[in-house]
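See structure below.
The values are calculated or read from the model by the stated rules, or taken from the named source; none is laboratory data. The shown structure was predicted, so the numbers you read here are calculated from the model rather than taken from an experiment. So basically every Cβ, Gly included, is an ideal-geometry build from the backbone, and we count neighbours across all protein chains shown. Note: accessible area is taken over every heavy atom of the protein model, side chains too, but ligands, DNA and RNA are not part of it. Shrake-Rupley method; radii C 1.70, N 1.55, O 1.52, S 1.80 Å.
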Amino acid sequence: MHFFVKIKKIILDTLFPVSCLSCGAPEHWVCEQCFAETKMREQQSCPWCEKIATLKGKLCFFCKEQKKSRLDGLVAAVSYENPFVKQATYNLKYRFASELASPLSEILLKSLLENDISLPKYVVPVPLHRRRLRWRGFNQSQLLAEKISAGLAPPVKIEMLDALERRKHKKPQMEIKKYRDRLDNVKGIFSLKTKPSKIKGARILLVDDIATTGATLQECAGVLKENGARYVFAAVIARQTMKQN
Ligand SMILES: [Zn+2]
Ligand SMILES: [Zn+2]
């Protein structure tokens with residue numbers, strides 16, 4: 001970890017000591033009881049229209065026919081309204097609390113297993129821009145992706161492939177209100193970092209912490225598919241629905 005990132009973390013940990021984000025019990029970010037009580041999403045829905053419930057979060061029949069979505073499926077582990085998850089993902093990002101990747105990836109894994117997804121060849125994290133990576137000290141999506149690649153089908157370790165690169169440093173999606181503007185904000189900012197031959201015909205699982213509009217995931221899936229990936233689906237801790245805006 002970068003020196004300044006360490007300092008920031010020490011200051012934060014002193015000012016706000018670690019306690020369960022849900023019930024306040026000391027020492028852990030999430031206590032055993034609250035972890036066990038985390039309510040998983042019982043139903044997944046189509047990643048494009050977000051309206052039709054589908055098995056394993058695959059595209060619904062209509063959206064598949066329209067061929068607009070480059071993402072073939074999306075599993076969101078819990079509801080965005082879940083207060084623990086809201087806090088945890090926020091702290092993972094802004095408090096440099098990489099320890100939170102562990103309980104959060106457990107939640108992601110649980111959801112992937114419950115949804116009985118077919119195993120991917122690679123787990124690919126949504127990348128951060130290198131400037132942001134330097135500031136934060138880690139890419140939260142990569143931490144989650146590492147844990148998923150190790151925990152999805154033990155003892156088999158599915159390869160985590162850092163396949164994508166974020167080119168331009170644009171505004172964080174969270175700061176943009178309108179759905180259309182969010183789409184424009186991420187258009188064309190990702191590119192492939194590995195050889196296309198490596199992902200040719202592959203089934204790929206993209207990993208991110210929160211999907212806000214799905215625009216980022218759509219862009220990443222687009223790049224992977226243009227370079228030969230056969231099937232691209234994604235896993236996120238939660239998804240914020242805002243297509244109707
Ligand atoms: Zn608790
Ligand atoms: Zn649909």
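Mind listing which GluC sites (Glu not before Pro) in the range 33-76 are in a DSSP loop and have 11 or fewer other Cβ atoms within 10 Å?
Hits after loop and neighbour filter: Glu42.
Using alpha carbon centroids, what distance separates the range 214-232 and the range 116-154, in Å?
The range 214-232 and the range 116-154 have Cα centres spaced 16 Å from each other.
Highest GNM mean-square fluctuation, the chain, Cα pairs closer than 10 Å: which of Gly73, Gly214, Gly24?
Looking only at Gly73, Gly214, Gly24, the biggest GNM fluctuation is shown by Gly24.
For the range 41-239, with only Lys/Arg (+1) and Asp/Glu (-1) charged at the beta-carbon, what is the dipole magnitude about the Cα centre, in debye rounded to 20?
900 debye
On the protein heavy atoms, probe 1.4 angstrom, tell me the percent of accessible surface of the chain carried by carbon and sulfur.
So the carbon and sulfur contribution to the accessible surface is 54 percent.
If one takes the longest principal axis of the Cα atoms in the chain, at what angle in degrees, from 0 to 90 and to the nearest 10, does the Cα axis of helix 83-94 lie?
90 degrees
At a threshold of 8 angstrom on Cα-Cα distance, excluding pairs fewer than six apart, so keeping six or more, what relative contact order does the chain reach in percent?
Details: 447 pairs, mean separation 49.7, N = 245.
Normalised by residue count, the contact order of the chain is 20 percent.
Using only helices, what value at 222 nm comes out for the chain when you add -39,500 (n - 2.57) per DSSP H run of length 4 or more and divide by the total residues, to the nearest 500 deg cm²/dmol?
-11000 deg cm²/dmol
Which whole-number value in Å² is the accessible area per residue of the range 41-239, probe 1.4 Å?
47 Å²
Rank Met174, Met40, Met160 by mean-square fluctuation in a GNM of the chain with C-alpha springs under 10 angstrom and give only the top-ranked residue.
Highest fluctuation of the listed residues: Met174.
For helix 101-114, what angle does its Cα long axis make with the longest principal axis of the chain, in degrees from 0 to 90 and rounded to 10?
40 degrees
For Lys110, which lysines qualify as cross-link partners when the Cα separation must be under 20 Å and same-chain residues fewer than eight apart are set aside?
Lys39, Lys56, Lys58, Lys86, Lys121, Lys147, Lys157
Tell me the accessible surface of Glu175 in square angstrom (1.4 angstrom probe, heavy atoms of protein chains only), to the nearest ten.
We get 120 Å² for Glu175.
In a GNM of the chain with a 10 Å cut-off on Cα contacts, which of Gln87, Gln173, Gln33 has the highest mean-square fluctuation?
Highest fluctuation among the options: Gln33.
Using a 1.4 Å probe and ignoring any ligands, DNA or RNA, find the accessible area of Ser79 and quote it in Å² to the nearest 10.
50 Å²
Relative to the longest principal Cα axis of the chain, at what angle does helix 140-151 sit, 0 to 90 degrees, rounded to 10?
80 degrees
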